[in-house]
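This report refers to the structure that appears directly beneath it.
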Amino acid sequence: EIKNQFRWEVEILDGKVEIAEKDYKNAYMLYRIYVAILSFLFAITVFLILYKIYVKQKIKNSPQTIIFSVATFAYWLVLLQISVLFIWDIIPHKLLEWIGNLFAMFTPLVYLVQFLWPIIIIAIFWFLVFKIQKRLYSPQNILKRFITDKKCPNCWNSVDFTKPFCPLCSHEIQIKCPLCHEFSLKWMPYCSNCWWDISK
């Protein structure tokens, strides 16, 4: 009788422990979901703000575009990390074990991917920075910024674009259009008066 009672109490205790473990796992999963949602909301908010600023700076051909492009890319990686971790939590572990066993069959390939992944990320990042810098610092965009800021492209002095020369360095700012004989900005491909192609 004592043994039977003891076994019965042990079974009851095991049942309570099992219920407690399930409750803990459910509560912990709910906690992880809350953390993931809050992290995602914060990251997506910052990402959208940075992306909006990046687009504005890109439209203005501002040199600050590269700063916001890097920040936007960094928060995109944060969003990716949060999403991957969230998916990792909700995917059934049996599926993960199956994927793990599948990758175990290609262990050398997995090691190669692990080795190349940081290099690929750096290469993508470098490529984006290179493309943005190439666009920002192309001669045409540099001239656009000088014209927008009303500065001489030779000495960076503030100038009046209605005058033919810079008063500080005597750099030629305007030339006469061969068609209408009016003054137009020297660096632009077309005359601002008659739209004749003065770059020829």
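None of the figures in this text is laboratory data; all of them are computed from the coordinates on show. Owing to the predicted nature of the structure, the values given are computational and were not obtained by experimental measurement. Here Cβ is always computed from backbone atoms with ideal geometry, including for glycine, and neighbour counts include all displayed protein chains.
Numerical summary
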{"read-out": "Three-way shape label, the stretch 2-90, alpha-carbon gyration tensor, a/c 1.5", "value": "prolate"}
{"read-out": "10 Å beta-carbon shell around Ser62, net charge (K/R +1, D/E -1)", "value": "+4"}
{"read-out": "Relative contact order (percent, whole number), the chain, Cα cutoff 8 Å, 6+ residue spacing", "value": "10"}
{"read-out": "Cβ-based charge dipole, the chain, positive-most Cα from Ile59, Pro178, Ala36", "value": "Pro178"}
{"read-out": "Once exposed loop GluC sites (Glu not before Pro) are cut out (DSSP; at most 14 other Cβ, 10 Å), longest piece of the chain", "value": "2-181"}
{"read-out": "Tyr190 long-range amide H proximity, modeled H, under 5 Å", "value": "Ile198"}
{"read-out": "Assigned charges on the beta-carbon of Lys, Arg, Asp, Glu; the stretch 2-90 dipole about Cα centre (debye)", "value": "680"}
{"read-out": "Helix axis angle, 139-149 relative to the chain longest principal axis, alpha carbon, degrees", "value": "80"}
{"read-out": "Relative exposure of Ser39, Ser83, judged by other C-beta atoms within 10 Å (fewest first)", "value": "Ser83, Ser39"}
{"read-out": "In Hz, Karplus ³J(HN,Hα) per residue of the stretch 171-185 (6.51, -1.76, 1.60; θ = phi - 60°; x = Gly, Pro)", "value": "5, 6, 9, 10, 10, 7, 6, x, 8, 9, 6, 9, 6, 9, 4"}
{"read-out": "0 to 90° range, to nearest 10: angle between helix 107-136 axis and the chain longest Cα axis", "value": "30"}
{"read-out": "Fewest-first sequence of Met29, Met105 by Cβ atoms within 10 Å of each Cβ", "value": "Met105, Met29"}
{"read-out": "GNM flexibility winner over the chain from Leu179, Leu48, Leu79 (Cα, springs under 10 Å)", "value": "Leu179"}
{"read-out": "Three-way shape call for the chain based on the alpha-carbon gyration tensor, with the a/c threshold at 1.5", "value": "prolate"}
{"read-out": "Förster radius 41 Å - calculated FRET efficiency between Val113 and Thr148, Cβ distance, rounded to 0.05", "value": "0.35"}
{"read-out": "Cross-link partners of Lys131 among aspartates and glutamates (Cα-Cα below 17 Å; sequence separation of 8 or more within a chain)", "value": "none"}
{"read-out": "Cα-centre dipole for the stretch 95-169 with unit charges at Cβ (Lys and Arg positive, Asp and Glu negative), debye to 20", "value": "560"}
{"read-out": "On Cα atoms only, tilt of 93-104 relative to the major axis of the chain in degrees", "value": "70"}
{"read-out": "Unpartnered cysteines - no second Cys beta carbon under 4.7 Å - across the chain", "value": "none"}
{"read-out": "Under 23 Å from the Cα of Lys176 - lysines, other chains or at least 8 residues apart", "value": "Lys144, Lys150, Lys151, Lys163, Lys186, Lys200"}
